[in-house]
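Trainee: First the structure, which I've put down as structure tokens, then a few questions once you've had a look.
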Amino acid sequence: MGLERKVDVPVYDLSLIRGIWEVRVKKHRQKQKKEQDRIEKSALAKIDQAWQYRIYCKTLKTTERNLLHHYLERENLIDIQPCTGEQQDQQDQKDSKENKLIFQLNGDRWMNFPKELQWMTYLKEWHVRGTRISRLPEYLALFTQLTVLEIPKNTIAELPPEIGKLTELKELNVSYNRLSRVPPELGNCENLKRLELTGNLNLSELPFELSSLKQLVHLDVAENKFVSIPICALRMSGLQLLDLSNNSLTDLPQDMDRLEQLVTLFVHKNNLSYLPHCLSNISTLKMIVVSGDELNCIPTRLCRNPDIKFIRLYDNPLSEAKRKEEEKKKEENKRRRWREQREEAKDSREKEFIEAYVSSLKDRDTVPYSTTKVSISCLL
């Protein structure tokens, strides 16, 4: 027999190998983040925008170009010469008006945002209502000074991830659109105080990343398809108003007392049969609006507490049967968009009435023990 050759097989600790790769992956991610930050801080984007603006101006007539220049330079119309007395007061009033720059767009003739909007990155508020615009522009992330984004009653199907870069945003209203989801990047808008997502019909959940919205005081997700309260909503510690009306809720979580600053709770037009006792632990709670048709278990401390306005709305049986018949017809005629628009307009009017009715009860010492839908229908 020949001499057998010995082969040394190296033995390594797998945990050591994994640790080495984790370090490498961490360094790679840090490198990617630094590169992304460098690109965002680079002047190339601004240079490209400036050239695009020059190219666009070449296509305009002289009068149109002068008007556009004048409009864009409004933010620089501050007189740097010293002034005193009455001139100073007039200048201060002028400056205060110019600092609040608002963009407004209304009417169903609009299907896209105007091209000139991309140069107005100094704007602080957008108010776009009742158009046929289906998507937000790609340059939305450039509006870093935006504090109000109000875009209800359009045909917007999604919110872009770039919305997370609007860190100064305080109010967002995307009610009565066609949203089916909300991007998790919205959680980066930590200054957000008011979020309205009413009547999107296909919306059934919110991303957990929205838990970081600690300054949010107003959350409205009425007229959607939520079957339970979003987990992120229970972690919004500063929430004062929560509107979950007209969804498909069958119960409320037992830890709702996490919302220690909650003042107003709307849960009418759901399928609730009871209210949890934890609601009575919220010392700030002042008003609850529920549907009383199927509700059979209510904590005594809620409905008998003089500090809480407990309002129960009852549906008229005839109007309930009529509503079911209309829903059946709506399912059979999904391709008729005009019927959906009429239904959306009806829902919005009814919501406006409910809000006006509830606000009128806030100043009363006592409130009705129950309210039927008959009175609501008559007033509408």
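Trainee: Taking only protein heavy atoms into account and a 1.4 Å probe, give the accessible area per residue of region 132-264 in Å².
Mentor: I get 40 Å² per residue for this part.
Trainee: Sorted by accessible area (1.4 Å probe), largest first, how do Asp257, Asp220, Asp293 line up? Each step should come with its number before you reach the end.
Mentor: Working: Asp257 55, Asp220 5, Asp293 80 Å².
Descending accessible area places them as Asp293, Asp257, Asp220.
Trainee: Report the label-to-label distance for Ile231 and Glu22 in nanometres (one decimal), using points 7 Å from each Cα along the Cα→Cβ vector.
Mentor: For Ile231 paired with Glu22, the spin-label model returns 2.3 nm.
Trainee: Then there is this: For Cys189, what accessible surface area do you get with a 1.4 Å probe? Give it in Å², rounded to 10.
Mentor: Result for Cys189: roughly 0 Å² accessible.
Trainee: Enter the accessible area of Trp21 (Å², nearest 10), with the probe set to 1.4 Å and all protein chains included.
Mentor: Rounded to the nearest 10, the figure is 140 Å².
Trainee: For the pairs Lys61/Lys115; Lys58/Lys124; Lys33/Lys165; Lys269/Lys309; Lys34/Lys170, note any where the Cα-Cα span goes beyond 21 Å. Could the numbers behind the result be given before it?
Mentor: Details: Lys61/Lys115 15 Å; Lys58/Lys124 28 Å; Lys33/Lys165 15 Å; Lys269/Lys309 18 Å; Lys34/Lys170 28 Å.
Beyond 21 Å between Cα atoms: Lys58/Lys124; Lys34/Lys170.
Trainee: Next question. Please list, ordered by chain and number, the residues whose modelled amide H lies under 5 Å from the amide H of Leu272; skip anything fewer than 5 residues away on the same chain.
Mentor: Hits under the 5 Å cutoff: none.
Trainee: Please list, in order along region 179-191, the HN-Hα scalar couplings obtained from phi with the Karplus expression 6.51 cos²θ - 1.76 cosθ + 1.60 (θ = phi - 60°), rounded to whole Hz, x for Gly and Pro.
Mentor: With coefficients 6.51, -1.76 and 1.60, one gets 5, 10, 7, 10, x, x, 4, 4, x, 6, 7, 6, 8 Hz.
The values are calculated or read from the model by the stated rules, or taken from the named source; none is laboratory data. Quantities reported herein were computed from a predicted structural model and do not represent experimental measurements. We place every Cβ from the backbone using ideal geometry, glycine too, and count neighbours over all the protein chains shown. SASA here: full protein model, heavy atoms, side chains in, ligands and nucleic acids out. Shrake-Rupley method; radii C 1.70, N 1.55, O 1.52, S 1.80 Å.
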